[in-house]
Structure formats: structure tokens, C-alpha cells
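Where a number appears in this text, it was derived from the coordinates with a stated rule and is not lab data. Note that the coordinates shown come from a computational prediction; the quantities given were computed from them, not determined experimentally. In this analysis, Cβ positions are derived from the backbone assuming ideal geometry, glycine residues included, and neighbour counts consider all displayed protein chains.
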Amino acid sequence: MSSFDFGRTRCLSIFMSAATTGTAISGAGIWHPENVITNEELCAAFNGWVQTENARNAAAIAGGAQEPLRESTPDFIVKASGIQRRYVHDKVGLLDPTRLMPLVPDRADDEMSVQCEYAVRAARVALAAAGRVAEEIDLVILGASNLQRLYPAIAIEVQHHLGARGWAFDMAVGCSSATFAIQLASESIRAGSATCALVVVPEMTTGHMNWHDRDSHFIFGDVGAAVVVEPLDRVKRAGAFEILSTRGMSKYSSNIRNNGGFLNRCDPERGAAADGDRLFYQQGRKVFKDVVPLAAKFMTDHVEAHGLAPSKIDRYWLHQANKNMNDLIAKRLLGHEPTGLEAPLVLDEFGNTASAGSIVAFTRHHDDLPSGAHGVICSFGAGYSLGSILVRRT
Ligand code: COA
């Protein structure tokens, strides 16, 4: 769905500063399901469920023993988050008020798994953008906020279906899974354990949402993203992004959490039931307050360590959770209200796509940047975890 500007004359890094990893993002790509759910459709389904529940509990509500459930509104969603719609794996189950959950049939062990499919589809776009074929890949890192299983690693399934070589593994660090994976890919190349790496980010988020939670039912959408990372001096196509440096940070917080896991069924009190805390949940207001200063300082420190002023960075591809949050962070970095070019948003169309968000923004909004332009790909979210990739267009 996106490719680099192949017509651009490649400027070799003869003026490359000393501070560089010597690696580059040579191609990026995304894939998303075709189904779209608007805020209006989502609220109609959610409110249908609220009305049914309130009718069922009418006596308790009338007697004051129970609070009525409150409806959700499209106006609140747009005002609080900037999200207008999202791509979803399945809208039939999601929009059924008696279900409010995607229909995702189990697949047999010899069929491609869902997250593998998201990864493979995005990977093919990224490989084409880089001018690479899968046989040239010798490291596949799959980063995602949720993994549909633990073994065999989904990355190994991706490696198999693409026909890549070398080794592959999964990693999960919430919303920084993609940026941390890019950092690892770059470091693996520098360490000599890979020559051409593929990072895949299959964020099939609608499976771990609580669609009955008014505070968060509108947040997420599904997407697959991928980038190719390789040594700068081996890049085949013009217009790649040299990775000057990477930086990661984490600071424990339970304000964004999902307790779903293999020990759930062992709890003697609760059995196998999937309660709300075994899906995504958050203290959104607290996250907002904590993460805005944290992310702004994190990127400022990273950029300034390179002798660059944050206000001189040409583009910030920020994590895509909330428009108001991104505007505030970008304003702190730039010193003025960001334009759509300085800190592009994709969450209006995609919703929050967890760790894929900043990669989707990067994939959609890099073609126009000239050689020498600087940019920062940054994630911030569950953990808390923050990842920053400082790049320069070749
Ligand atoms: N429809 C209508 N009204 C709603 C609503 C909905 N779906 N959900 C909440 N409201 C109401 C609340 O009840 C509250 O009203 P009240 O005070 O009368 O009860 C009001 O809107 C404000 O709610 P609040 O939760 O404070 O909204 P908010 O402005 O903080 O926005 C988030 C909520 C989640 C969009 C926002 O906090 C956010 O995005 N935070 C960052 C989260 C983040 O980055 N997460 C990372 C995940 S990867």
C-alpha cells in the first residue's frame, strides 16, 4: 500500500555524521482488512446491548440497587480521541449487540494462523518497497502487543510461508513492540547475527478488546505492518531511511493492562471465564497525564543527544492512540501547534493499532520527504514502554 519514491536519486552517505547505526529502513508496508466500522455503527451496536441490559435489570435500576449502563456517542469518541472509523477483521460479530465480539473461527494447525496472515501480507508490501525477495531475509522479528499463541513462534510460521532464511522469534512489549523490534533488528545487523532483517507487526487488536466497556470500546482497529532493515551500504532502492540511532525506555505501570494468559484457567476462584481484566483495559486519563510529558522528554533527550533541535525535526511519526495527546506532545517538541505534515495522524482512519500505529504513520507519510530530512518514529504505551528511532532520509 505504500512504497518508497524509487525515482529519487540516491544520495550516498558521504556526509554521514559519526553518529549512525549504519543500518537503514529500506522498505515499509501495511495491510489491513477491508471491513470498516464507523463510530455510528459501533455506538448503535453498543447502545443496543446497553438498552437490552437496562431493560433486563429494570427492577434493580428502579429500586436503586443498580446503576443503569450509559450509552456511548460518536461525538464523544471524535472529541476525546480523534478516531472516526477503524478497519476490523470481522464486523458481523462485533456489531451484533448480543455478541459484541469478532467472529474469528479457529484455524486448523496446517492452515496459516491469523496473525501470520497479517504479517505475511504486510511483509510482501515491505519487501517489494525494499526491492528484496524473502530468500534474502535471514532474521524475522515479530513484534505485537498480543500473541495468539506462544509456540511455535508465529515469526517462524511467517519465515516458513515467506521462504525466508535464518532465524525468527516473537516479542511482545505492548505498544512498543514494533519500535523495540526495529531496534533489535538494527542491533542484530550491527552485531553480525543478521544481514537483512524483516520486522513484522500483526496487530489484530479487535480480539483483545472489551467491546462491552464504554470507556474503551471505540479505541482499537486491526492492521499488519512490516519494515525491512538492512546495512545502509547494501540498500538497493533510493530514498531509504538511515537509522541514526535507537532508544528504548520502560517504566512499570498498570494503567494499561491485559491479564489474559496461560495461568487464567488455574485460578481456583474464577475458572476459565474471560473477565474484563483478561482483555485490554486502561486508566485512559492517567495514561494521558503520565505519557505526554514522558514521551516529549524522551524524544527531546534522544534528538538532542545527536546535536539536533527537536523543533528542527522534519517529521514525527508518533504512536497513534489519541489525537489530543499527539498534538500536545508534538507541540512540546516543535514549539508550535503541529501541522498534519509535521506529525501526521492516521488514527482517524485506523483507530489505535497498538504498536503498529507509528509504523502505519511512517508508511503512509514519508514519500514527500527530501534527502537529508530527519524524522522520529516513536511509540509510547503499555508498560509503560517507549521506543524512538531517529532516521535521516538518504
Ligand atoms: N461515550 C460518551 N461519553 C463517554 C464515553 C463514551 N463512549 N466514555 C466516557 N464518556 C464520558 C465519561 O463518562 C465522562 O463523563 P462524566 O464525567 O460525566 O462521567 C467523560 O466522557 C470524560 O471521560 P474520560 O474517560 O475522562 O474521557 P477522556 O477525555 O480522558 O478520553 C480516552 C478517554 C481513553 C480517549 C483518553 O483518556 C485517552 O485516549 N487516553 C490515552 C490512552 C492511551 O494512550 N492509551 C494507550 C493505549 S495503547
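In nm, to one decimal, how far is the Arg107 label point from the Lys297 one, both placed 7 Å along Cα→Cβ?
So the two model labels end up 4.3 nm from each other.
So what's the net charge close to Val78: Lys and Arg +1, Asp and Glu -1, counting the other residues with Cβ under 13 Å from its Cβ?
Counting the neighbours of Val78, the net charge comes to 0.
Restricting to DSSP loop positions (anything but H, G, I, E, B) with no more than 16 other Cβ atoms inside 10 Å of their own Cβ, which trypsin sites (Lys or Arg not before Pro) remain in region 99-147?
Within region 99-147, the qualifying trypsin sites (Lys or Arg not before Pro) (loop, at most 16 other Cβ atoms within 10 Å) are Arg99, Arg107.
Run down the aspartates and glutamates and flag those whose C-alpha is under 20 Å from the C-alpha of Lys312, throwing out any fewer than 8 positions away in its chain.
Within reach: Glu242, Asp301, Glu304, Asp327, Glu337, Glu342, Asp367, Asp368.
Can you give the FRET efficiency for Val92 and Arg332, using 1/(1 + (r/R0)^6), R0 = 45 Å, r = Cβ-Cβ distance, to the nearest 0.05?
The value I calculate is 0.60.
Summing -39500 (n - 2.57) over the DSSP H runs of n ≥ 4 in the chain and dividing by its residue number, what mean residue ellipticity at 222 nm do you reach, to the nearest 500 deg cm²/dmol?
Using -39500 (n - 2.57) per qualifying helix, the result is -9000 deg cm²/dmol.
Sequence gap at least 6, Cα distance under 8 Å: using those rules, report the relative contact order of region 36-122 to the nearest whole percent.
Relative contact order here is 34 percent.
Per-residue HN-Hα couplings for region 249-260, Karplus 6.51 cos²θ - 1.76 cosθ + 1.60 at θ = phi - 60°, whole Hz, x for Gly and Pro?
So the J values, rounded to whole Hz, are 7, 9, 8, 4, 7, 9, 5, 10, 8, 8, 8, x.
Label Tyr252 and Val78 with points 7 Å out from Cα along Cα→Cβ: what is the distance between them in nm?
Using points 7 Å along Cα→Cβ, the separation is 4.3 nm.
Nearest 5 is fine: what % of DSSP beta bridges in the chain come out antiparallel, could you say?
DSSP beta bridges in the chain are roughly 75 percent antiparallel.
For the residue pair Arg285 and His160, what label-to-label distance in nm results when each label sits 7 Å from Cα along the Cα-to-beta-carbon direction?
Taking the simple label geometry, Arg285 and His160 are separated by 4.9 nm.
In debye to the nearest 20, how big a dipole does region 34-193 give about its Cα centre with +1 on each Lys and Arg Cβ and -1 on each Asp and Glu Cβ?
In debye, rounded to 20, region 34-193 gives about 340.
What list of ³J(HN,Hα) values in whole Hz, one per residue of region 158-165 in order, does the Karplus curve 6.51 cos²θ - 1.76 cosθ + 1.60 (θ = phi - 60°) give from phi, with Gly and Pro shown as x?
For region 158-165, the Karplus curve yields 4, 3, 5, 5, 7, x, 7, 9 Hz.
Between beta-carbons, use under 9 Å as the cut-off and find the net charge around Ser253, counting Lys and Arg +1, Asp and Glu -1.
For residues surrounding Ser253, the net value is +2.
Consider a paramagnetic label point 7 Å from the Cα of Thr38 along Cα→Cβ; state which residues of region 81-103 have an amide N under 20 Å from it.
81-97
Given the Cα atoms of region 78-163, and with Rh set as the inverse mean 1/r over their pairs in the Kirkwood sense, what is Rg to Rh to two decimals?
1.06
What does the extension gain come out to for Glu67 and Asp367, with contour length at 0.36 nm per residue minus their alpha carbon separation?
Between Glu67 and Asp367, full extension yields 102.8 nm more.
In debye, nearest 20: dipole of region 166-305 around its Cα centre with unit charges on the Cβ of K, R (+) and D, E (-)?
160
Rank Leu198, Met171, Phe218 by how far each Cα sits towards the positive end of the charge dipole of region 73-223 (+1 on Lys, Arg Cβ; -1 on Asp, Glu Cβ) and give me just the farthest.
It is Phe218, whose Cα lies furthest towards the positive end.
Multiplying the sequence separation of Ala59 and Arg190 by 0.36 nm and subtracting their Cα-Cα distance, what value in nm do you get?
Using 0.36 nm per residue and subtracting the Cα-Cα distance, I get 40.5 nm.
Under the rule of at least 5 residues apart or a separate chain, name every residue whose amide H is placed under 5 Å from the amide H of Ala373.
Here Arg393 satisfy the definition.
What is the Cα centroid distance between region 147-186 and region 322-360, reported in whole angstrom?
Here the answer is 26 Å between Cα centres.
Please list 285-296, 211-222, 380-391 highest first by mean number of surrounding beta-carbon atoms within 10 Å per residue.
The densest-packed peptide leads the list: 380-391, 211-222, 285-296.
Please give the length that would be gained between Tyr151 and Asp215 if that part of the chain were fully extended, namely 0.36 nm times their separation in residues minus their C-alpha to C-alpha distance (nm, one decimal).
19.7 nm
How large is ³J(HN,Hα) for each residue in region 370-385, as worked out from phi by the Karplus curve 6.51 cos²θ - 1.76 cosθ + 1.60 (θ = phi - 60°), to whole Hz, x for Gly and Pro?
Working through the residues one at a time gives x, 4, x, 5, 9, x, 10, 9, 9, 10, 8, x, 3, x, 4, 9 Hz.
Arrange the peptides 252-261, 27-36, 40-49 so that the one whose residues have, on average, the most other Cβ atoms within 10 Å appears first.
Result, highest mean Cβ count within 10 Å first: 27-36, 40-49, 252-261.
Rounding to the nearest 20 debye, state how big the charge dipole of the chain is about its Cα centre with +1 on each Lys and Arg Cβ and -1 on each Asp and Glu Cβ.
In debye, rounded to 20, the chain gives about 920.
In percent, what relative contact order does region 182-289 have, based on Cα pairs under 8 Å that are 6 or more apart in sequence?
25
Considering Cα pairs under 8 angstrom that are at least six residues apart, work out the relative contact order of the chain and quote it in whole percent.
Once normalised by length, the contact order is 24 percent.
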